[in-house]
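Following: one structure in structure tokens, then a few remarks.
The values are calculated or read from the model by the stated rules, or taken from the named source; none is laboratory data. What you are looking at is a predicted structure, and each value in this text was computed from that prediction instead of being measured. Positions of Cβ are generated from backbone atoms using ideal geometry, with glycine treated the same way; all protein chains shown enter the neighbour counts.
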């Protein structure tokens, strides 16, 4: 597969016609979870010859930076290299459970698909992603629901230890402050090292020890985890 951006697929989308012209977009992202935060979002309109990720394939190093630590700088550089139109961190920080943020994006001719990435926090390497959603050429409002993905780059040990850099095991932080400490870890290995649907946090009810530092009544979820509403003007 010859694509400039390498990462994984998600795409619960609408079948729409290709838009080769410029467009004015209003993009709303809503966090549908009860206890998971979204790290800074990156949204890009680019050509359909580029792709941020593919389900069933290994994550790129740039996607790994997002999924393990919420760092969008690598993906921003890749998007810039293909002359994408981008919006970075529209929520100016974390997007809380139940919250939404709106961004405005003007596309240039040829940038006819929309992509989006953000880490799920607290997770080891979970993320939401929209990959190559075709921007409609008919004005209107369109809705896409996003599932949670696992980048396959790190074991889901569910230990909160301030980790987050690629290659450093652990979860950076728990913004809900309802996690625990002292966990022994759910696992230290994974059989699937490609991008796939996330199994979800398991958690436990022991905030002082147990296998997980995550709370099984707060940090679990069901798909979909995000709603993206795009208004084409």
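Only one of 162, 152, 167, 126 is without any contact (Cβ under 8 Å) to a residue 24 or more places away in the chain and within 22 Å of residue 76 (Cα to Cα). Can you tell me which?
167
Does residue 143 satisfy the condition of being surrounded by fewer than 23 Cβ atoms within 10 Å (Cβ to Cβ), touching a helix residue (DSSP H, G or I) at 6+ places or on another chain (Cβ under 9 Å), at pLDDT 95 or above and not in a loop (DSSP other than H, G, I, E, B)?
Answer is no for this residue.
Out of curiosity, is residue 195 over 17 Å from residue 219 (Cα atoms), within 16 Å of the chain's Cα centre (by Cα) and modelled with pLDDT of 95 or more?
Answer is yes for this residue.
Confirm whether residue 174 is in contact (Cβ under 8 Å) with a residue 40 or more places away in the chain and assigned to a strand (DSSP E or B).
no
Say we look at segment 43-72 and pick out the residues that are under 25 Å from residue 214 (Cβ atoms) and crowded, with 24+ Cβ neighbours inside 10 Å; which of these is farthest from the chain's Cα centre (by Cα)?
Per the stated criteria, the residue is 59.
Quick one: how many residues across segment 73-102 are in a strand (DSSP E or B), more than 15 Å from the chain's Cα centre (by Cα) and either without any contact (Cβ under 8 Å) to a residue 60 or more places away in the chain or surrounded by 18 or more Cβ atoms within 10 Å (Cβ to Cβ) (or both)?
2
In segment 103-140, what residues are touching a helix residue (DSSP H, G or I) at 6+ places or on another chain (Cβ under 8 Å) and either more than 19 Å from residue 39 (Cα to Cα) or surrounded by fewer than 19 Cβ atoms within 10 Å (Cβ to Cβ) (or both)?
Listed by number, the list is empty, since nothing qualifies.
Could you list, in sequence order, all residues of segment 146-156 that are touching a strand residue (DSSP E or B) at 6+ places or on another chain (Cβ under 8 Å) and either under 17 Å from residue 193 (Cα atoms) or modelled with pLDDT under 95 (or both)?
Scanning segment 146-156 gives 148, 149, 150, 151, 152, 156.
Restricting to segment 146-161, name every residue that is assigned to a strand (DSSP E or B) and buried (at least 23 other Cβ atoms within 10 Å of the Cβ).
Result: 146, 148, 149, 150.
Please determine whether any residue of segment 106-113 is closer than 30 Å to residue 179 by Cβ and touching a strand residue (DSSP E or B) at 6+ places or on another chain (Cβ under 9 Å).
Checked segment 106-113: no residue is closer than 30 Å to residue 179 by Cβ and touching a strand residue (DSSP E or B) at 6+ places or on another chain (Cβ under 9 Å).
Anything in segment 30-42 that is under 12 Å from the mean Cα position of the chain (by Cα) and part of a strand (DSSP E or B)? List them, or say none.
The answer is 31, 37, 38, 42.
Is there a residue being under 19 Å from the mean Cα position of the chain (by Cα) and crowded, with 16+ Cβ neighbours inside 10 Å anywhere in segment 209-216?
no
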